[in-house]
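The values are calculated or read from the model by the stated rules, or taken from the named source; none is laboratory data. Every value quoted in this text rests on a predicted model; they were computed, and no experiment measured them. When we count neighbours, we look across all protein chains shown, and the Cβ atoms used for this are built from the backbone with ideal geometry, even at glycine. Areas reflect the complete protein model, heavy atoms only, side chains present, ligands, DNA and RNA absent. Shrake-Rupley method; radii C 1.70, N 1.55, O 1.52, S 1.80 Å.
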Amino acid sequence: MPYIAAFFLGTCLWILAELSVFGMIASAIGLPGAIALTLVFSLLGLALLRRLGGQARQLFQTVAENPAHALRLSPLTLRSGALAALGAILLVIPGFLSDCVGLALLLPSWRHQELAVKPRDPNVIDLTPQDWHRIDEKERG
């Protein structure tokens with residue numbers, strides 16, 4: 001139950017923050033300009049979602065035709081694509097705060113910096129499946 005209350009409180013605070021930022025933007029550039037800017041960001045988000053959806057569909061078809069291709073997909077690439085889709089969804093949602101977060105999620109350098117796997121042990125090297133192979137006991141010699 002406390003999680004539901006925290007989620008509800010967070011959502012209410014986010015909506016209040018969105019309304020106050022919208023009021024500040026509307027007072028700075030005028031109400032028609034603020035509404036137009038909100039519509040532009042929403043249309044941009046829809047266009048990005050359509051583009052990302054097409055790329056995901058093409059990738060799914062490639063993997064369906066050649067399952068070995070799935071091994072070449074790194075978790076970093078998949079998470080980066082998911083965050084880009086989340087950024088596009090946040091652009092579609094009306095509000096300037098969600099637009100700022102959405103734009104930040106669309107920046108590849110920020111996504112890769114935040115998603116980079118940082119090894120816990122400095123002596124550990126993280127390799128992709130293509131960078132290593134198993135060696136049998138016989139080959140170790």
Query raised in the report: Taking the stated definitions as given, is Leu59 more than 30 Å from Gln130 (Cα to Cα) and either β-branched (Val, Ile, Thr) or in a helix (DSSP H, G or I) (or both)?
Result: no
Query raised in the report: What number of residues within segment 65-82 satisfy the criterion of being at pLDDT 75 or above and either of a type in the set (S, T, N, Q) or in contact with a Lys or Arg (Cβ under 6 Å, 6 or more places away or on another chain) (or both)?
Result: 2
Report summary line: Looking across segment 102-141 at residues that are open to solvent by less than 60 Å² (accessible area, probe 1.4 Å) and modelled with pLDDT under 90, the single one that is farthest from Trp14 (Cα to Cα) is Thr128
**Report entry** Selected residue (criterion: most open to solvent (accessible area, probe 1.4 Å)) from residues of segment 36-52 that are closer than 15 Å to Ala85 by Cα and free of Cβ contacts under 8 Å to residues at least 12 places away in the same chain
**Finding:** Arg50
